[in-house]
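To keep things clear, I will list the structure first and then write my remarks on it.
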Amino acid sequence: MRRAVRAQTYLLNSLHQQSLDEDVNPAVYRRMLTPQNVLATEILDNLRRFPHCILLTRVGQFYESYFDQAKEVSRLLNIKLTQRTWDGQRIWMCGFPLMHLDKYLKVLVQNQKRFVAMCEEFPRNPKLGAKGGFDRRVVRIVTPGTLIDEPFLNPYENNYLLATAPSKSSPPYAEVGKSQAIGLAWIDISTGEFFTKTTSVEGLRDELVRISPREVVLSEEPDVGEAYRIRSAVDEEGLFASYFQAPTSADLPTSPSLLQGTDGIDDVTSHLESESRGASTVTEPETRAINLLTAFMQANLLEHMPLLSSPSRETTAGRMQIDSHTIKALEIQEGLSEGGATGSLLSVVKRTVTSGGTRLLARWLCSPSTSLREIKARQSLVAFFHARPYLREDLVQALGDIEDTTRIVQRLLLGRGQSSDLAALCSTIRTWTSIRRRVELEKAMEAQERGVVDEEEWSSIDALMHGMHDLDHLVNMIEKAMATSGGIDGTIAEDSSGGDGEDVGNGLGTLSAGFVNMQWTIDPGFSPQLSDLHATLQNLHRSREELEQRLRSEYDAPSLTLRSSPGYGMHVHIGRGKRDSAKLKASDLFVPISESGSTNTFFFRGWSTLGAELMNTITAIYVAEKEAFQMLRGEVNVHAGQLRSNARILDELDVTLAFAVLATEMNFVRPMLTEDITYRVENGRHPTVELGLLTSGRNFVPNTVSFTPDSRLHVITGPNMAGKSTFLRQTALIAILAQSGSFVPADAAHIGIVDRVFSRVGAKDDLFRDRSTFMVEMLETSEILRRATPRSLVIMDEVGRGTTVDDGLAIAFAAVHHLLSVNRCRALFATHFHELADMLDYSEDNRGQGSFEAVSFFCTDVDETEDGYFSYSHRMRPGVNRDSHGLKVAQLAGLPEPAVDVARAALSWLKTKRAGERLTDDLRILGRTVASGSNV
């Protein structure tokens, strides 16, 4: 999906088409291009400036769209299309109330992938309000990747905007197969998390799937060479792409060549040492990607452009590389059957209770660590919480009260946010303090009970807690400033009729629609200025009450109230006009404004003067509160780094706690991780399949797998539906869980660090790109054979099945031979080609011989009973199964019995003949015989 951000002649064309549709004469058409109406002029100017956007213009309490664009907006949002007259001309328009903005932004931006230019109105004179007129300007362009604090943002997922750029030194037309450096820069504007990385063209798709950006920014360059390959990768993953003119060096401030960053920003080990990490040099293609990203942000965020911190630089070293096919095939983030998180590994292992923790968990699962030190630090925390159920339960409960701090801080940094955000920060910081105290209490209790504390056992949690900043002073400042409870100081009765004289109630409100039922957010004692203003307001309020009581008594009018409305301004309202208005009508001090069947409205100079003083005082309080809030927001911004650091620590705490809860609930064990290439898992289980079986009241059949230097590759044979694919997937998932820091579903596990995981399981046609199932299979196989290393883990299922038996067998043998002799990696190779065992020199000890002595053979089977029934034995055993039992699957699928009988007869004959002995005439005779119903 592409949307080029280029200037268009949209406006002129739409106006010209409207002139043709409505038979407008040329003079009127020219006048439409230069309207005299101020609002129309502003809208036309913004349409010219942002031709690639849908323009939403704030007009009072509505957002509106005009001209031909209104037709499109009306259709997309399913709202009413109407017309209005400007300068004697009828033009199209539509609109919706402010309260529906988030709902319609979701439709336009998230669902329809449109850019939306938000044009807001600003009073020229705040004291005069609407009477002083408005200036309107576009303050932000909303795109799928530049969401800030929209309510439709998924709190449990990052909303990344990613820019990619090839190295400047790359030739315009890169040689086919030659790896070129590609710079990546991505940011979640809603949290401020900012990353860079250098990858290759071959690895780009893997990174795109892992990062899952909501929008990819590509440079508007000739679609050749590396640019073409980058765009192809983005298109193949179905990502939304925006095209933007890459800035030149003259357009930008000096790009940073040295940025402070850490490779392990999401890791517990980042807190284990007090010394700072070294500087990480940003590469040339990364700098180009950063420049493209920031230029795109500036062009779209406009007045909401945040101050960016230095990005954290990711490197390939230290992280397990999982290619794009594998992330999808193993269903790490999304389930294949239902889409979304349902049925994915993430959904099954998720026990996190905070939104930040859930986002971190997703990153850990898609990018596990290869650092033994990092993994063991995570494991230590998991083991620590696993052994302390009461502490674990208390901390999980406390974490449930934590707000999404990173997004709150980012809102405040962007000049947004409300008093509720400050209150949420205070509550969260208090919870942080209580968590730290609960951990300290646990340590003190253990010291008292045991007489000594195991310092090694406590090292990871102590380091984590030690890394937290004390922010109680910030909480005290905010809580001192914030009003403990709202009030209605200075409110006066407002005429809710809107000025038409119809009495619809005596609600409490302030002097204008902008201050209805104001709840003061800043404590009056926060500053001497606010104290004086509130004292003045109370005096004026008492004066209003005294004046109201005096007028009621003096003019014998019990229903008299002093009110304000946009239409009448300060006025005297009589609720029962026939009874109470006689003396007021007779007085020269009261000027009649309106009269209905039951009510009367008068102007009274005394109330007008007093009301003006009230209005000015309330306005002054509002301004003072705004200044106080900005000061508090500035204080939060000063501490933004510390707040984000604490939030990250609590995210790590949440994930490791969740792993401990998972281990308890699902009976996971702590794996042993080493630097060698060992892989032994006793009675391992597939976490997702096991949970599904348990839900339906069935048990999962565990299996053991053991790779050693003299048994690096296992060939798996057996019938369909006997669990081969599940066994392959669980082997890979256990490695991923282990290196993420989690315990694993097994009785015991010893895993040598895996640098890369590859899978070739399942395939489907990609006819849109002219790729058959077999072609997709071969592309995936090719990628594995080219990229796997001796430390990799490879799972391959049914390689060669999409072609003839001879071709498929030859390809399968070639793949095994390459994995064994060139890649030399740990691999599981499942196949129905039992002849492959013979080609690999299978012996009675279930091992290969000679060049294939590092190959072991395992299989599954079918258990048959005397009465003709059968069941699948999902248990792996050494050996080769030369029967795929395909007819049994056909029976389970409900194939008609006559068809099964024919298949059984044909299969019986085919088994008596080797493939090379099946002459054409024999096969003709077989077909005729079976078709006639005779015995073969």
Could you line up M465, M796 from fewest to most neighbouring Cβ atoms inside 10 Å? M465, M796
Return the Rg/Rh ratio of region 340-438 with Cα-based radii and a Kirkwood Rh. 1.02
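Can you sort L372, L161 from fewest to most other Cβ atoms within 10 Å of each residue's own Cβ? All intermediate terms of the calculation are to be shown ahead of the outcome.
On the way: L372 13, L161 24.
By the 10 Å Cβ count, ascending: L372, L161.
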In nanometres, what is the gap between the two model label sites at K626 and S587, each 7 Å from Cα along Cα-to-Cβ? 3.7 nm
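So how much slack lies between T803 and N37, counting 0.36 nm per residue of separation and subtracting their Cα-Cα distance, in nm?
Details: separation 766, 0.36 × 766 = 275.76 nm, distance 7.07 nm.
Computed gain between T803 and N37 is 268.7 nm.
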Whole-Hz Karplus couplings 3J(HN,Hα) for region 347-354, θ = phi - 60° and coefficients 6.51, -1.76, 1.60, Gly and Pro as x, run 5, 6, 8, 5, 10, 5, 10, 10
Return the FRET efficiency for the residue pair L779, E682: r is the Cβ-Cβ distance, R0 is 35 Å, and the value is rounded to the nearest 0.05. 0.50
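Counting other C-beta atoms within 10 Å, and keeping those with at most 11, which DSSP coil GluC sites (Glu not before Pro) do you find in region 598-690? If you can, show how the numbers build up before the last one.
Values: sites: E613, E625, E627, E635, E652, E665, E675, E682, E690; in loops: E675.
When the GluC sites (Glu not before Pro) of region 598-690 are filtered for loop state and at most 11 Cβ neighbours within 10 Å, E675 remain.
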Just to check I understand the Karplus step: with θ = phi - 60° and J = 6.51 cos²θ - 1.76 cosθ + 1.60, what whole-Hz values come out for region 86-101, glycine and proline as x? 10, 6, x, 10, 8, 10, 6, 7, 8, x, 8, x, 3, 5, 9, 4
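Given 0.36 nm per residue, what is the gain on full extension from L694 to E675 after removing their alpha carbon distance, in nm?
On the way: separation 19, 0.36 × 19 = 6.84 nm, distance 3.47 nm.
Gain in length upon complete extension: 3.4 nm.
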Cut-off 19 Å, label 7 Å out along Cα→Cβ of S596, residues of region 555-577 by amide N: 558-577
What is the sum of charges around P558, taking Lys and Arg as +1, Asp and Glu as -1, for the other residues whose C-beta is under 14 Å from the C-beta of P558? +2
Projecting the Cα atoms of H832, V816, L733 onto the charge dipole of region 672-895, where Lys and Arg contribute +1 and Asp and Glu -1 at Cβ, the residue farthest towards the positive end is L733
Full extension from S543 to V900: what is 0.36 nm times the residue separation minus their Cα-Cα distance, to one decimal in nm? 118.7 nm
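If we count other beta carbons within 10 Å of each Cβ, what is the order of H714, H466, H52, fewest first?
Working: H714 22, H466 12, H52 16.
By the 10 Å Cβ count, ascending: H466, H52, H714.
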Pop a pseudo-label 7 angstrom from the Cα along the beta-carbon direction at both S200 and T315 and give the gap in nm to one decimal. 1.8 nm
Zone of L307's modelled label, taken as backbone nitrogen in region 622-649 under 12 Å from a point 7 Å along Cα→Cβ: 634-641
Around P285, with a cut-off of 12 angstrom between Cβ atoms, what is the net charge of the other residues, counting Lys and Arg +1 and Asp and Glu -1? 0
Name the residues whose placed amide hydrogens come within less than 5 Å of the amide hydrogen of M876, ignoring near sequence neighbours (fewer than 5 apart) on the same chain. T704
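Every read-out reported here was derived from the displayed coordinates using simple, explicitly stated rules and does not represent laboratory data. Remember, predicted model here, so these are calculated numbers, not experimental data. Every residue, glycine as well, gets a Cβ built from its backbone with ideal geometry; the counts of neighbours run over all protein chains shown.
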